[in-house]
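This report refers to the structure that appears directly beneath it.
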Amino acid sequence: MAVIAGNWKMHMAPEEARTFFSAFEIDEMMADNEVLIFPPAISLLAAYKCENRDPRVQLGIQNVHWENSGAFTGEISAEMAASAGASYALVGHSERRQLFGETDEQVALKVAAVLRQDLIPVICVGETLEEREAGRVSEVILTQLDLALASIPDPEIRFLIAYEPVWAIGTGKTATPKDAAGAHGTLRNRLEQAIGVTAAARTEILYGGSVKPSNATELLAAQDVDGVLVGGASVNPQSFAEITRAAG
Ligand code: 13P
């Protein structure tokens, strides 16, 4: 079983989300896989209420504020996301970190806020090209992981990790299955130390960064890769369906 997640980023207005779900089908034999879509917040409710959405497609929010409510113009809380149909929340996506200055401390607060609403956090980690070239992959992703894990009080709580090397996002450059397996192995080892071997084994670690129908099979076959987080190729119902089939 694999987790196939689509992050629509700032694409897919409510009407486009409805059109997507009319065209997106999951093969019956793929029913064991978990399929998640993270629409932009404004399309979440439309996706949730869309009659054409296969109910096996679960929904998530791309980002939350860490407070439940308040004078935070433009922000959306985990509580609001839950009431609009989200079951999952991306936290600490590299675009949030890099373009909007989100810090590890804010990521930790957001993980806690998401858990308060019983949403399942998908904690995103990943190194830049500069950090990779300086041989700092493990150091960077483990620091990001440790700070987020500090907000998870109980090893029984479900959360997911997404390893998304920044240099592979939207660039067409994909990590090789070996690169992905290496980073995922590093993350799994740290999870074993932090939450124990059993909980670490059931924590899904997704790979993200230029995943497409043409490379999904080999990435999903790599050691310790339990799923994929797809950006660009997830807004097209046919290509996203093809990626779900690659999880076979
Ligand atoms: P791309 O698949 O477009 O590279 O995006 C990956 C990503 O950032 C998913 O969260």
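Each reported figure results from applying straightforward, stated rules to the coordinates on display, with no laboratory input. Computed from a predicted structure; not experimentally measured. Note that each Cβ is placed from the backbone with ideal geometry, even for glycine, and that neighbours are counted across all protein chains shown.
One table, with the values for the structure above:
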item: Additional length obtainable on full extension of the chain from Asn52 to Asp27, 0.36 nm per residue less Cα span; result: 7.5 nm
item: Sorted by Cβ density within 10 Å, fewest first, the residues Thr171, Thr73; result: Thr73, Thr171
item: Inter-label distance, nm, simple model (7 Å from Cα along the C-beta direction), Glu130/Val197; result: 4.1 nm
item: Helix-only CD estimate at 222 nm, as mean residue ellipticity for the chain, using -39500 (n - 2.57) per DSSP H run (n ≥ 4); result: -12500 deg cm²/dmol
item: Asp118-Gln223 FRET efficiency (beta carbon distance; Förster radius 51 Å; 0.05 resolution); result: 0.95
item: For Ile157, residues with placed amide H under 5 Å, excluding near neighbours; result: none
item: For the range 84-90, Karplus couplings with θ = phi - 60° (6.51, -1.76, 1.60), whole Hz, Gly/Pro x; result: 9, x, 7, 10, 10, 8, 6
item: Size of electric dipole in the chain: Cβ of Lys, Arg +1 and of Asp, Glu -1, about Cα centre, debye, nearest 20; result: 200 debye
item: Stretchable slack from Thr103 to Ser138, in nm (0.36 nm times residue separation minus alpha-carbon distance); result: 10.8 nm
item: Selection from Leu90, Ala46, Thr198 lying farthest towards where the dipole of the chain points positive, charges on Cβ; result: Ala46
item: Prolate/oblate/rounded label for the range 17-142 (Cα gyration tensor, a/c 1.5); result: oblate
item: Sorted by Cβ density within 10 Å, fewest first, the residues Tyr48, Tyr88; result: Tyr48, Tyr88
item: Nonlocal amide H pairs with Ala2, under 5 Å, H built at 1.01 Å; result: Asn33, Glu34
item: Relative contact order (percent, whole number), the chain, Cα cutoff 8 Å, 6+ residue spacing; result: 21 percent
item: Relative exposure of Ser69, Ser22, Ser77, judged by other C-beta atoms within 10 Å (fewest first); result: Ser69, Ser22, Ser77
